[in-house]
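Reviewing the structure listed below.
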Amino acid sequence: MAVKHVIFRISLPKEKPGDDKRTLTKEIISAHIALAETFFSTLGSLRPPGFLKRILKAREDHFSLEIVAHKGSIFFYAAVPAPWSAFFESQLHAQYPEAFIEEVFDYNIFQSNGVIRAALLALRRESFFPLKTYKKFEVDPLQAITNTLSKVSSTEGAAIQIMLRPTTQAWHRKGLKVARALKEGKKFSQALRMARRGIFAHVMWFFLEGMHSRPDKAREREEAPRLTPLEEELMRNLEEKSSKAGLETTIRVVASSTKERAESLLENITNAFAEFSVYEYGNSFMVLRRRNPFRVIRDFIHRNFSSAHSNILNTEELASLFHLPGNWIETPNIHWLAARTLAAPVNIPESG
């Protein structure tokens, strides 16, 4: 049974009191994006249902964050399961008090005589390998994504859908195992094999390790190769990624236009995610295309979470992918809030 979602459209004012673009710095941009990271930390702190509940009942705790280009504008949407809508809205307002969050009818990016193209984005390596995050960018990474969406005309449509749901803390362990093994002097390939072992293999490994004499172990530690600068950086990044809350994530990209344009739009949008790649000892996105995209399109429309194509991203990575735009984003066609709605005064007359 499909989950009933409440659709929110989220808008920020382009200019706010106190804004001064002349003093814009990397620190100001990072502080703005960090608001989204705090918001994702709140979602990441939610506990997923227990094992038996997951078997007996379909999960209803997945949220969808969407950047959508249709009718000539770029909008930011959130689709939230009805029971979680008040919680979601309050937590988002806590970080973005100037945001205007309005409940709207669902949008439709599909053209009646158009062609639809769709793809999934998945991590190329295991989830514990880190992506490049906003803290290592000199500019706002959202700019590259919105720039590709600005090329969508008023007669076309495109959307980036990021599905999220809470996950268990077990995902932290593999990354920490690799980091620990690197600290002990293991080569990267050895550390990775150790992290991928099952429980039985670990028991056997500890048993065999115990058979070594203490002098042998001491000699192995002395002969352990020193880590390269890249391996030392990887060890730090693994520990940093594993130290933050994570969310299970499914990412879809959909475009609707003529056949050639839909293909071009889909390729341009997915290529924009290459900016998050860490090619050496890190992670990157790969594009998954299906010969028949019907299932991806259906899951996009119904906002179904796809466990088969999910990865775990931590809060810092998610904030890098999705956050509300700052006024330094010069992408044309973003739907900014033209005027704010203020609450009625407390002393308003009740009659007359």
Task: Counted residues, the range 133-187 - those being open to solvent by 10 Å² or more (accessible area, probe 1.4 Å), modelled with pLDDT under 90 and either under 19 Å from Ile269 (Cβ atoms) or not small (Gly, Ala, Ser) (or both) - done: 14
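Please pick out the residue among Phe128, Phe105 that is aromatic (Phe, Trp, Tyr) and farther than 30 Å from Trp328 by Cα.
Phe128
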TODO: Determine whether the range 48-59 contains at least one residue that is at pLDDT 85 or above and assigned to a loop (DSSP other than H, G, I, E, B).
DONE: no
TODO: Among the numbered conditions (1) farther than 20 Å from Gly246 by Cα; (2) surrounded by fewer than 16 Cβ atoms within 10 Å (Cβ to Cβ); (3) not aliphatic (A, V, I, L, M), tell me where Ser73 comes up short.
DONE: (2)
TODO: Of the conditions (1) closer than 29 Å to Ser257 by Cα; (2) open to solvent by 20 Å² or more (accessible area, probe 1.4 Å), Ala94 clears all except one; give me its number.
DONE: (1)
Open item on the list: I'd like to know if the range 108-119 contains one or more residues that are of a type in the set (Val, Ile, Thr), closer than 30 Å to Glu260 by Cβ and in contact with a Gly (Cβ under 8 Å, 6 or more places away or on another chain).
Closed with: yes
Task: Leu43, sole failed condition from (1) touching a Phe, Trp or Tyr at 6+ places or on another chain (Cβ under 8 Å); (2) open to solvent by 50 Å² or more (accessible area, probe 1.4 Å); (3) of a type in the set (A, V, I, L, M) - done: (2)
Task: Every residue from the range 226-258 that is of a type in the set (A, V, I, L, M, F, W, C) and within 26 Å of Leu46 (Cα to Cα) - done: Leu238, Ala245, Leu247, Ile251
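The values are calculated or read from the model by the stated rules, or taken from the named source; none is laboratory data. In this text the structure is predicted, and so the values were computed from the model without any measurement. Using ideal geometry, Cβ is built from the backbone for each residue, glycine included, and neighbour counts are taken over all protein chains shown. The protein model used for the area step is the full one, side chains on, heavy atoms only, and it has no ligands, DNA or RNA in it. Shrake-Rupley method; radii C 1.70, N 1.55, O 1.52, S 1.80 Å.
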